[in-house]
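Here's the structure we're looking at; comments come further down.
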Amino acid sequence: MSSPYALQSLDKLQVGHIRHFDNLSRQPPNQWELMKGKGYGQEDFGGFRFQLAYMAYALALTHRHRLPAAPGLFKPIFERLIEKILLPEVWMYWRDVSRGGSIFNAHLAENYREEWNPVGRDNIMYSAYVQSMALLYNYLFNDSRYAQPAALTFRFWSYFWGGEEKRFEYDQNSLNDHIYWQMVQSGYLGVACEPNCVFQICNQPAILGFRMHDLINGGSIAEEVTRSYEQAWKDFGRIGDNGHYHIMMARDTKAVRQNIGKSPWVDAWTGALLNMWNREFVHDHYPRQIRDFLKSGDDGALSINVPVRPEVMGQRIISDDCDFGWVTAWVSEMGDAETLRGLLTHADRYMAPTWLDGGLYYPRNDMVENADGIRTLIEPMSGNVLLGYARLNIPDGLWHLYNEPWEPTHFEEPAIVAVGSDVDISRAIFDSARNTLNFAIERRRDVRGNGTVRIAKALARGPWSLACDGAEMARGSGNSLQIAGSLRIGVDGSDVLLYCPEGFAHLCAMTFESGKRDSR
Amino acid sequence: MTSLETSRLMPIGGSFCLIDHDNRVVSDETYLGHYALIFFGFTHCRVVCPRALAKLSAVLESLGPLADRIRPIYVTIDPERDTPDVMRSFLQPYPRFTGLTGSREQIDRVKKAFRVFAQRVDDPTGNGEYAIPHTAIAYVLDPRGRFVSHFTDAPSAEEIAVRLKQLLTTDCQPCGAGAVPTV
């Protein structure tokens with residue numbers, strides 16, 4: 001079942017966000033240009049792991065809802081993002097954080113020890129992203145590469161310190177099992193992030209992973225966990241007296257930490273994710289919650305109110321809260337089009353949208369407000385990822401992804417399975433009623449690449465014709481081809497290859513003759 | 001030497017040494033050669049345990065002679081109150097089950113091995129009573145003592161019976177590469 005949003009082409013901004021994700025994913029290992037936030041050591045909400053994971057989620061939403069017939073655009077980016085999230089630079093913070101010592105666990109710290117395995121205990125703020133990204137990949141691309149033994153290996157060795165190699169081997173299923181049993185052992189309240197700190201937010205990605213696991217392997221882990229999670233939280237409530245989501249629960253005392261300060265990121269992040277399996281609850285509370293955060297600006301622009309964070313242990317907290325980004329992502333999931341338009345208007349007016357190598361992002365700006373008192377603060381997580389996420393998402397996007405799985409026939413339909421790095425795709429949907437693959441492609445001049453577009457599952461459908469902007473470009477049947485236009489076309493195995501000339505930008509339709517399926 | 005961990009090597013379950021409700025020392029080895037159906041609970045439990053034990057008893061009844069291949073075990077999470085005598089008395093309505101108890105240390109070890117959640121909640125009246133919300137999962141071990149499946153409290157007795165029959169008649173190994181065989 002295709003989303004109606006797949007019938008519309010992406011706009012230039014949406015295409016730009018995807019290309020920015022692609023650009024970031026192509027950076028060499030341990031090059032993190034544009035991604036470093038204010039905080040030290042990958043500990044806070046702007047960490048690389050969050051940027052990598054939510055780029056993957058945004059791509060998943062876009063593929064599922066907007067470009068279902070273009071797996072080849074998304075799959076390589078997904079692979080590079082997963083490769084990056086396995087790098088020690090992303091997860092080595094856990095060796096230190098696992099020892100405790102924050103105000104939430106200092107009284108327990110003598111029982112903690114340094115942990116090298118980043119998914120062994122707690123740290124769901126990392127493990128669930130690896131799990132859900134790998135399982136999303138399998139589900140979206142019907143490719144079980146991360147189900148292979150040791151496909152998700154966390155490895156560290158330094159020439160300079162630390163002794164022998166540390167290596168922790170998992171795959172998508174063993175990691176899923178491990179997180180599931182941690183969830184069971186917690187009484188379904190959830191797995192901790194930092195020791196003793198069980199955040200509502202950070203257990204939601206694991207639930208997304210469970211759902212993907214069920215879709216791939218069968219079973220009902222997600223149903224079991226969500227049902228039990230609701231039951232377990234019933235005694236504490238998930239919403240505080242002020243109508244905002246609880247931030248976390250202390251595992252030892254079972255004391256919930258309410259969002260007394262009305263931090264926007266708490267409600268926004270929780271609501272954006274919780275919606276996937278608890279839509280009614282999230283939508284019910286959204287109108288009252290969002291009212292506390294929005295701040296009207298000029299000409300339809302909307303910004304947010306952000307309270308000053310209190311000092312902790314006499315220290316000012318320096319971290320990326322990503323309030324603006326999270327609110328925008330949440331609003332997109334809620335389908336609140338007017339508010340979304342207002343927030344993006346604000347971002348486009350005051351947050352310096354920037355094009356780089358064909359990609360669109362909002363560069364980090366640590367200045368909270370400009371001279372006119374207008375919010376300008378933007379973190380890499382918001383500027384690289386969340387504003388793009390919001391622009392690419394559809395109303396209830398995660399809910400639809402979670403609850404409306406693709407039919408198995410989806411994977412048998414013609415689809416674009418590979419694209420040159422210089423080709424943008426703004427539409428890709430297979431219309432089964434008309435037996436036609438509709439797609440819009442543009443070969444960029446400002447990005448290097450070979451201009452190719454590979455279409456799979458095509459030849460087996462029988463004789464076909466390709467038209468671009470209504471003009472017939474080619475006809476084919478089996479290995480025979482008749483080319484009528486400027487587009488170079490070839491057959492490679494069972495795939496059709498298009499070689500787009502520079503500047504090629506067309507809406508194309510590849511139509512198959514019904515009733516004449518080639519038995520191959 | 002490389003520090004290598006593979007989660008496949010971290011199974012559910014493991015060795016234990018406890019006392020059964022007839023005051024005999026038992027261990028995981030006692031049950032080798034049979035399937036084990038293990039449920040954790042406490043005899044003061046008002047709802048979860050009676051419901052689970054009744055359901056699992058009905059399942060076993062429905063299996064007929066196949067049930068002879070299964071050793072149903074009820075492990076307490078409340079060893080301070082659940083002595084062997086208390087366990088034997090509590091399990092009289094569920095005669096297929098053998099109750100196991102032990103020292104606090106022994107119980108904590110077996111709870112950890114099976115990833116069991118259990119947390120004492122004191123009665124607010126201050127009368128010294130307490131409840132222990134706990135995991136409501138029935139674990140199945142194969143005749144070699146390996147974890148093969150588990151049942152939450154959601155599936156019906158019929159659904160559990162079907163799944164157990166499949167296990168018993170095919171001697172099947174853990175289903176799927178790494179899949180959590182939950183029912």
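The values are calculated or read from the model by the stated rules, or taken from the named source; none is laboratory data. Note that the structure is a prediction, hence the values are computed from the model and not measured. Don't worry about glycine lacking a Cβ; one is built from the backbone with ideal geometry, like all the others, and counts go over all protein chains shown. The protein model used for the area step is the full one, side chains on, heavy atoms only, and it has no ligands, DNA or RNA in it. Shrake-Rupley method; radii C 1.70, N 1.55, O 1.52, S 1.80 Å.
Test A:PRO363 against the stated conditions and say whether it is in contact (Cβ under 8 Å) with a residue 24 or more places away in the chain, in contact with a strand residue (DSSP E or B) (Cβ under 9 Å, 6 or more places away or on another chain) and open to solvent by 30 Å² or more (accessible area, probe 1.4 Å).
Details: in contact (Cβ under 8 Å) with a residue 24 or more places away in the chain: yes; in contact with a strand residue (DSSP E or B) (Cβ under 9 Å, 6 or more places away or on another chain): yes; open to solvent by 30 Å² or more (accessible area, probe 1.4 Å): yes.
In short, yes.
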Restrict the check to the range A:25-38 and report whether at least one residue is open to solvent by 60 Å² or more (accessible area, probe 1.4 Å), more than 24 Å from A:ALA128 (Cβ to Cβ) and polar (S, T, N, Q). yes
All conditions in (1) of a type outside the set (Phe, Trp, Tyr); (2) open to solvent by 10 Å² or more (accessible area, probe 1.4 Å); (3) within 12 Å of another protein chain (Cβ to nearest Cβ) are true of A:SER158 except (3)
Subset of the range A:147-194 [over 21 Å from A:TYR137 (Cα atoms) and β-branched (Val, Ile, Thr)]: A:VAL184, A:VAL191
Quick check on the range A:104-121. Is at least one of its residues within 24 Å of the chain's Cα centre (by Cα), away from chain B (no Cβ under 12 Å) and either of a type in the set (Phe, Trp, Tyr) or not in a helix (DSSP H, G or I) (or both)? no
Write out, first by first residue and then by second, each pair whose Cβ atoms fall under 8 Å of each other, whose residues are 6+ apart or on separate chains, and whose first residue, in the range B:84-97, is farther than 19 Å from B:ALA36 by Cβ while the second is in a helix (DSSP H, G or I) and open to solvent by less than 40 Å² (accessible area, probe 1.4 Å). B:PRO93/B:LEU53
Top-ranked residue in the range A:223-246 [being surrounded by fewer than 22 Cβ atoms within 10 Å (Cβ to Cβ) and among the aliphatic types (A, V, I, L, M); ranked as nearest to the chain's Cα centre (by Cα)]: A:ILE239
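Take residues that are among the polar types (S, T, N, Q), under 15 Å from the mean Cα position of the chain (by Cα) and surrounded by 18 or more Cβ atoms within 10 Å (Cβ to Cβ) and tell me which of the strands (runs of 3 or more DSSP E) falling wholly in the range B:14-124 contain 2 or more.
Numbers: elements: B:17-20, B:25-27, B:35-41, B:70-76, B:98-101.
Here the list reads B:98-101.
Got at least one residue in the range A:107-117 being of a type in the set (Lys, Arg) and open to solvent by less than 30 Å² (accessible area, probe 1.4 Å)?
Of the range A:107-117, the ones of a type in the set (Lys, Arg) are A:113.
Add one more test, that the residue is open to solvent by less than 30 Å² (accessible area, probe 1.4 Å), and what stays is none.
No: the range A:107-117 contains no residue that is of a type in the set (Lys, Arg) and open to solvent by less than 30 Å² (accessible area, probe 1.4 Å).
Name every residue in the range A:168-203 that is closer than 20 Å to B:LYS111 by Cα, at the interface with another protein chain (Cβ under 7 Å from one of its Cβ atoms) and either of a type in the set (Ser, Thr, Tyr) or touching an Asp or Glu at 6+ places or on another chain (Cβ under 8 Å) (or both), in order of residue number.
First, the residues of the range A:168-203 that are closer than 20 Å to B:LYS111 by Cα: A:177-192, A:196.
Filter once more, keeping what is at the interface with another protein chain (Cβ under 7 Å from one of its Cβ atoms): A:177-178, A:180-181, A:184-187.
Listed by number, the residues that qualify are A:TYR180, A:SER186.
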